[in-house]
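Colleague: Pasting a structure below so you can have a look.
The values are calculated or read from the model by the stated rules, or taken from the named source; none is laboratory data. In this text, all values refer to a predicted model and were calculated from it rather than measured experimentally. Counting neighbours? That spans all protein chains shown, and the Cβs are built from the backbone with ideal geometry, glycine included.
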């Protein structure tokens with residue numbers, strides 16, 4: 001007898017409902033978890049209260065306040081971040097956040113793609129597409145990031161070489177992909193520093209290892225996307241071509 005084996009299609013992967021909601025681009029994972037705990041979310045008609053309740057994206061029906069929860073239209077924008085703002089949705093210390101720059105704008109939920117610390121300025125991306133954001137911030141395959149940095153001393157070839165060679169700082173090897181002099185005054189200099197990965201306060205820590213302080217730090221480009229003449233505190237949507245280029 002010829003016995004034939006029937007192949008079954010692999011079962012759809014299951015993930016926590018809060019994670020799946022965030023992947024739809026309508027809320028952060030923590031906000032989605034708050035919705036679940038508040039009893040606003042149903043899966044296949046049944047209320048759930050646990051953000052880790054397993055669901056199959058694209059298979060199970062998720063509702064918020066009785067309405068089907070669908071993927072949001074993808075949106076990506078760039079902001080010229082001013083100094084003094086923290087890159088977070090909500091600050092426990094009550095400091096102003098980058099979301100102050102969007103006050104009054106009719107925007108969907110958007111998350112920062114990467115970060116700039118409070119004292120840093122320049123190009124900061126936001127998106128409601130978690131998969132796109134993960135590709136952009138991937139340390140192995142993500143685009144280079146270019147910074148203009150004013151330092152508290154003059155720079156010579158030895159310093160630039162030291163930045164590219166790198167230093168061991170707090171157990172991490174920090175270095176610049178490239179460093180060059182932009183211009184110099186009598187006591188200060190502006191450098192262009194390119195990173196192919198971004199670690200916490202990477203440039204500040206790298207320069208501090210050489211005894212150099214940072215007076216200003218401005219991110220001017222991410223890959224081929226340049227900050228250009230976008231005014232401080234202003235934002236604009238990226239075109240599809242610009243988003244794809246990253």
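Colleague: With 110, 125 as the choices, which residue is surrounded by 21 or more Cβ atoms within 10 Å (Cβ to Cβ), at pLDDT below 95 and in contact with a strand residue (DSSP E or B) (Cβ under 8 Å, 6 or more places away or on another chain)?
Modeller: Step by step, each of 110, 125 is checked, and only 110 is surrounded by 21 or more Cβ atoms within 10 Å (Cβ to Cβ), at pLDDT below 95 and in contact with a strand residue (DSSP E or B) (Cβ under 8 Å, 6 or more places away or on another chain).
Colleague: Is it true that residue 198 is outside any strand (DSSP E or B), touching a residue at least 12 places away in the same chain (Cβ under 8 Å) and in the same structural domain as residue 81 (by TED's automatic domain parsing)?
Modeller: On the way: outside any strand (DSSP E or B): yes; touching a residue at least 12 places away in the same chain (Cβ under 8 Å): yes; in the same structural domain as residue 81 (by TED's automatic domain parsing): no.
No.
Colleague: Across the range 175-195, which residue is nearest to the chain's Cα centre (by Cα) among those that are in a strand (DSSP E or B) and modelled with pLDDT under 95?
Modeller: Among those residues, the one meeting the criterion is 183.
Colleague: Still on this structure, I have one more. Go through the residues of the range 3-15 one by one and say whether even a single one is surrounded by 14 or more Cβ atoms within 10 Å (Cβ to Cβ), at pLDDT 85 or above and assigned to a helix (DSSP H, G or I).
Modeller: Scanning the range 3-15, I find no residue that is surrounded by 14 or more Cβ atoms within 10 Å (Cβ to Cβ), at pLDDT 85 or above and assigned to a helix (DSSP H, G or I), so the answer is no.
Colleague: Tally the residues that are within 15 Å of residue 204 (Cβ to Cβ) and either more than 24 Å from the chain's Cα centre (by Cα) or without any contact (Cβ under 8 Å) to a residue 40 or more places away in the chain (or both), restricting the search to the range 165-174. Reasoning before the result, please.
Modeller: First pass over the range 165-174, keeping only residues within 15 Å of residue 204 (Cβ to Cβ): 166-167, 169-170, 172, 174.
From what's left, either more than 24 Å from the chain's Cα centre (by Cα) or without any contact (Cβ under 8 Å) to a residue 40 or more places away in the chain (or both): 166-167, 170, 172, 174.
Number satisfying all stated conditions: 5.
Colleague: Moving to a separate point now. Looking only at residues that are exposed (fewer than 15 other Cβ atoms within 10 Å of the Cβ) and touching a strand residue (DSSP E or B) at 6+ places or on another chain (Cβ under 9 Å) in the range 209-227, which one is farthest from residue 165 (Cα to Cα)?
Modeller: If we take residues in the range 209-227 being exposed (fewer than 15 other Cβ atoms within 10 Å of the Cβ) and touching a strand residue (DSSP E or B) at 6+ places or on another chain (Cβ under 9 Å), then 226 is farthest from residue 165 (Cα to Cα).
Colleague: May I pose another question? Kindly evaluate residue 204 against the criterion of being under 16 Å from residue 124 (Cα atoms), surrounded by 15 or more Cβ atoms within 10 Å (Cβ to Cβ) and either at pLDDT 95 or above or touching a helix residue (DSSP H, G or I) at 6+ places or on another chain (Cβ under 9 Å) (or both). Reasoning before the result, please.
Modeller: Values: under 16 Å from residue 124 (Cα atoms): no; surrounded by 15 or more Cβ atoms within 10 Å (Cβ to Cβ): yes; either at pLDDT 95 or above or touching a helix residue (DSSP H, G or I) at 6+ places or on another chain (Cβ under 9 Å) (or both): yes.
Judged against the criteria, residue 204 is not a match.
Colleague: Since residue 51 meets every condition but one in (1) assigned to a loop (DSSP other than H, G, I, E, B); (2) buried (at least 16 other Cβ atoms within 10 Å of the Cβ); (3) at pLDDT 90 or above; (4) out of contact with any helix residue (DSSP H, G or I) (no Cβ under 7 Å at 6 or more places or on another chain), which condition does it not meet?
Modeller: (4)
Colleague: Test each condition in (1) out of contact with any helix residue (DSSP H, G or I) (no Cβ under 8 Å at 6 or more places or on another chain); (2) under 21 Å from residue 153 (Cβ atoms) for residue 213 and report the one that comes out false.
Modeller: (1)
Colleague: Do the conditions hold for residue 162, that is, is it without any contact (Cβ under 8 Å) to a residue 60 or more places away in the chain, over 20 Å from the mean Cα position of the chain (by Cα) and either part of a strand (DSSP E or B) or buried (at least 17 other Cβ atoms within 10 Å of the Cβ) (or both)?
Modeller: The answer is yes for residue 162.
Colleague: Considering only the range 134-152, state which residues are closer than 17 Å to residue 217 by Cβ and either out of contact with any strand residue (DSSP E or B) (no Cβ under 8 Å at 6 or more places or on another chain) or assigned to a loop (DSSP other than H, G, I, E, B) (or both).
Modeller: Once the filter is applied, which keeps residues that are closer than 17 Å to residue 217 by Cβ and either out of contact with any strand residue (DSSP E or B) (no Cβ under 8 Å at 6 or more places or on another chain) or assigned to a loop (DSSP other than H, G, I, E, B) (or both), the range 134-152 yields 144, 152.
Colleague: Could I ask something else about it? Have a look at 105, 155, 131 and point out the one that is part of a loop (DSSP other than H, G, I, E, B), over 30 Å from residue 179 (Cβ atoms) and not assigned by TED's automatic domain parsing to the domain that holds residue 32.
Modeller: Working: 155 fails: over 30 Å from residue 179 (Cβ atoms); 131 fails: part of a loop (DSSP other than H, G, I, E, B).
Being part of a loop (DSSP other than H, G, I, E, B), over 30 Å from residue 179 (Cβ atoms) and not assigned by TED's automatic domain parsing to the domain that holds residue 32 holds for just one of 105, 155, 131, which is 105.
Colleague: Somewhere in the range 73-84, is a residue farther than 27 Å from residue 219 by Cβ and either within 17 Å of the chain's Cα centre (by Cα) or modelled with pLDDT of 90 or more (or both)?
Modeller: Looking through the range 73-84, none of the residues is farther than 27 Å from residue 219 by Cβ and either within 17 Å of the chain's Cα centre (by Cα) or modelled with pLDDT of 90 or more (or both).
Colleague: Still on this structure: Count, please, the residues in the range 113-122 that happen to be more than 11 Å from the chain's Cα centre (by Cα) and either surrounded by 21 or more Cβ atoms within 10 Å (Cβ to Cβ) or in contact (Cβ under 8 Å) with a residue 40 or more places away in the chain (or both).
Modeller: Total satisfying the criteria: 5.
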